[in-house]
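Student: To start, I am sharing the structure in question, which I have written as structure tokens.
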Amino acid sequence: FFSEISAPAALGSTYLQRRRLHPADMSGWRLKIHRKRVPKGFDKIEDKLDAFDEKMKEAVEASHEGLRKNETTWPVTKFHWLRNRFIYEAYYKKKIISRELYDFLIRNKVADGALIAKWKKKGYEYLCSMLAIDKSASNFGTTSICRVPLNKRSQEQQVLPAVNTGCVSC
């Protein structure tokens, strides 16, 4: 059925029609946008989003033997940060994508709008995750250890990664 669709690859076609993929063959961000009209310029970042999706799959499917429960999520957090950082820099720093495409990515949850909004604020430019500043995720009602500068930590905490995110210093 999907190979019979002969819609042009212009702005008016949906993502599914442009790529001619069956929904069962999609994963990650593709499922979120497969029936939506994508703005112009999406093809500039599509390959990079695919690469991040593959890395995320590898991180999820990797062997977790010998790791603590929290350590199994650290690679997922890392690739989440990398994907969002790529979108942030593509819009704010390099101006590769349009405002329309940026809003589309946030609205369809391909990009984490809350994390990117924090990056625009002073002191949060390289925040690793929203978990790092979530005070309810901490035993003592404070932010994560990765938010404390390395020179202000005690000797035992010098290179200790954050339990939730695996970040050493953001």
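Student: How large is the accessible surface per residue of the stretch 76-116, computed with a 1.4 Å probe and reported in Å² as a whole number?
Tutor: Per-residue value: 50 Å².
Student: Additional query: If you consider only alpha-carbon coordinates, what radius of gyration and Dmax does the stretch 78-127 have, in Å?
Tutor: 10.2, 27
Student: With each label point set 7 Å from Cα along the Cα-Cβ vector, what nm distance links ASP47 and ARG107?
Tutor: 2.8
Student: Using the structure shown, list the pairs from LYS69/LYS118; LYS78/LYS152; LYS118/LYS152; LYS93/LYS120 with a Cα-Cα distance above 18 Å, or answer none.
Tutor: Result: LYS69/LYS118; LYS78/LYS152; LYS118/LYS152 exceed 18 Å.
Student: Go through the stretch 51-61 residue by residue and turn each phi into a ³J(HN,Hα) via Karplus (6.51, -1.76, 1.60, θ = phi - 60°); whole Hz please, and just put x for glycine and proline.
Tutor: Ordered by residue, 3J(HN,Hα) equals 4, 5, 5, 5, 4, 5, 4, 4, 5, 6, 7 Hz.
Student: Starting at 0 and stepping by 5 Å, how many percent of the alpha carbon pairs of the stretch 24-170 end up in each bin?
Tutor: Result returned by the calculation: 2, 9, 16, 19, 18, 15, 11, 7, 3, 1, 0.
Student: Where Rh denotes the Kirkwood radius from the mean inverse Cα pair distance, what is Rg over Rh for the stretch 43-84?
Tutor: 1.07
Student: To continue, here is another question. Once you order the gyration tensor axes a ≥ b ≥ c over the Cα atoms, which shape class does the stretch 127-166 get: rounded for a/c under 1.5, otherwise prolate or oblate by comparing a/b with b/c?
Tutor: Prolate is the answer for the stretch 127-166, as a/c is 1.5 or above and a/b outweighs b/c.
Student: Spelling out what I want: for every residue of the stretch 134-142, take phi, set θ = phi - 60°, compute 6.51 cos²θ - 1.76 cosθ + 1.60 (Karplus), and round to whole Hz; glycine and proline get x.
Tutor: Whole-Hz 3J(HN,Hα) from phi for the stretch 134-142: 7, 6, 6, 8, 10, 5, 10, x, 10.
Student: Taking 0.36 nm per intervening residue step and subtracting the Cα-Cα distance, what contour gain separates ASN139 from SER154 on full extension?
Tutor: That works out to 3.5 nm of additional length.
Student: Summarise the accessible area of the stretch 50-94 (1.4 Å probe, protein heavy atoms) by the percent that is carbon and sulfur.
Tutor: Exposed carbon and sulfur together represent 55 percent of the surface.
The values are calculated or read from the model by the stated rules, or taken from the named source; none is laboratory data. Quick caveat, the model's predicted, so the values are computed rather than measured. Methodologically, a virtual Cβ is constructed for each residue, glycine included, from the backbone with ideal geometry; neighbour enumeration extends over all protein chains shown. With ligands, DNA and RNA removed, areas are computed over all heavy atoms of the protein, side chains included. Shrake-Rupley method; radii C 1.70, N 1.55, O 1.52, S 1.80 Å.
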